[in-house]
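For reference, the structure is listed below as structure tokens.
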Amino acid sequence: MDYHLDDFQQELVAQANRIGREKIRPVAAELDISGEFPWDIVKIFADSGFYGLWVPEEYGGVSRGIMDLVLVTEELSKFCGGISLAVAASALGTFPIVISGNDAQKEKFLPMLAAGEGLAAFGLTEASAGSDAGSIQTRAEKKGDKYILNGSKVFITNGGVAKVYTVIASTDPEKGTRGASAFIVEDGTPGFTFGKKEDKMGIRASATMELVFDNCEIPAENLIGREGEGFMVAMKTLDRSRPGVAAQALGIAAGALDLSVQYASQREQFGQSIIRFQAIQTMLSDMATKVEAARAMLYATARMIDGGAKSYAKESAMCKVYASDVAMDVTTDAVQIFGGYGYMRDYPVEKMMRDAKITQIYEGTNQIQRMVIARNLIKEAQRAS
Ligand code: COS
């Protein structure tokens, strides 16, 4: 399908494709085993200007919206859904500053993040606060011109490798979601350390670590927005970042589809390539149709956001749900088409299936996304009546 990408976007996709073919594909399987963070590839992403894609021009970026981020994430994810996260998760960690930060915070942090001199990470999830993000226990108490943070955050993408962490903590536990506040915490701040490094099923080249705050003192000027606005900052951030997860899922699915067509064309059984069999053709057709439907919804959502829509929580959730479910279906079918070889680590599709699974879980499980969609449907119906 022709999505009429402009010249900048076509070049961006071509650049991401080149990096994918030349730099990511040769090391993806190795990093999947070692779980090593791909610093040399991050340097290439930085040199390619990827980290400026969501930062406004006045702070050193080239941001024109999230469509560009979506395109790059999709393309990189065709080659490795873990390595591409070094881009997408930094966007997630930077969004709270872009969306709700003040001028001083933007001036201090965004140019460095846009240049890729440091990565960002987003700290919301806790051991007992996953889907129920409003029940976070990490505390931030104001003392003079400082906030003292105590608690921990788990499963943090880019944890341990980021320089800047946007962290949601409770300044007033009695107020629940209205008592949460958002903060910027810099790597190296005394009292801020890292806990467990997670050993994951997939996206293994992505760093996932626990953040630990033990009487961690941060300057009061690192509060994003006002006290009590943290939950809202988190929700607005997720509304903007979920299309990025959809893009990652779409890229993994599209990559698995490409490999399946190639494999089915070469693999011979019963004296002919298996792509000649209707059973395989039906699978490939369904896979391709789902991939294209996911892409169409994702691009439409990204363009809606970039077009200045005021509310897009529903559409963001929809494209995340759909693309991630498609990624799981398509990668599972890819393994099936590869047959016994697909199940083996010598071939890339079992990794894609493992990488796809997380896209149904993080940045809000697909069950939570469906809840967000339903709540919006109810609101819309009430407004219409
Ligand atoms: N944009 C702006 N404000 C929003 C919002 C959005 N998308 N979604 C909710 N809010 C506001 C609500 O309007 C409400 O405001 P008031 O207190 O002024 O009424 C407040 O936030 C609380 O919302 P709600 O009552 O819907 O909160 P719930 O506790 O029911 O939780 C869900 C809402 C489940 C949607 C939220 O907890 C969530 O997104 N969970 C998943 C978390 C997640 O994605 N984690 C992944 C880790 S981060 S990578």
Given 15 as the ceiling on other Cβ atoms within 10 Å, longest exposed-site-free region of the chain for GluC sites (Glu not before Pro) in DSSP loops = 118-385
On the accessible surface of the chain, probed at 1.4 Å, how many percent belong to carbon and sulfur atoms?
-> 52
Label points 7 Å out from Cα along the Cβ direction at SER128 and ARG178: separation in nm?
-> 2.4
Contour excess over end-to-end distance, with Cα ends at ILE99 and TRP39 and 0.36 nm allotted per residue | 18.9 nm
Quote the charge dipole size of the chain about the Cα centre in Debye, to the nearest 20; the model charges only the Cβ of Lys and Arg (+1) and of Asp and Glu (-1).
-> 780
Say we join alpha carbon atoms closer than 10 Å with springs in a Gaussian network model of the chain; which of PHE37, PHE50, PHE183 then has the biggest fluctuation?
-> PHE37
Would you please name the chymotrypsin sites (Phe, Trp or Tyr not before Pro) within region 301-371 that are DSSP coil residues with at most 14 other C-beta atoms within 10 Å of their C-beta?
-> none
One finds the C-alpha centres of region 347-384 and region 241-308 to be spaced, in Å, by 18
Any chance you could check the Cα centroid distance between region 153-229 and region 316-341 for me, in angstrom?
-> 31
How many nm is it between the label spots at TYR3 and GLU30, if each spot is 7 Å from the Cα in line with the beta carbon?
-> 3.1
When every protein chain stays in place and a 1.4 Å probe is rolled, MET209, MET352, MET235 sorted by accessible area with the largest first are MET235, MET209, MET352
Taking only protein heavy atoms into account and a 1.4 Å probe, give the accessible area per residue of the chain in Å².
-> 44
Computed from the beta carbon distance with a Förster radius of 25 Å, FRET efficiency for SER311 and SER285 to the nearest 0.05 stands at 0.10
Amide N of region 70-100 lying under 16 Å from the label point, which is placed 7 angstrom from the Cα of GLU11 along Cα→Cβ = 72
Restricted to the chain, the DSSP antiparallel beta bridge percent, nearest 5, is 85
Taking 7 Å along the Cα-to-C-beta vector as the label spot, tell me the ASP145-LEU377 distance in nanometres, rounded to one decimal.
-> 5.3
For the chain, inverting the pair-averaged 1/r of distinct alpha-carbon atoms gives a Kirkwood value in Å of 21.3
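The values are calculated or read from the model by the stated rules, or taken from the named source; none is laboratory data. Being a predicted model, the structure only gives us computed values, none of them experimental. In this analysis, Cβ positions are derived from the backbone assuming ideal geometry, glycine residues included, and neighbour counts consider all displayed protein chains. What goes into the accessible areas is simple: the full protein's heavy atoms, side chains included, and nothing from ligands, DNA or RNA. Shrake-Rupley method; radii C 1.70, N 1.55, O 1.52, S 1.80 Å.
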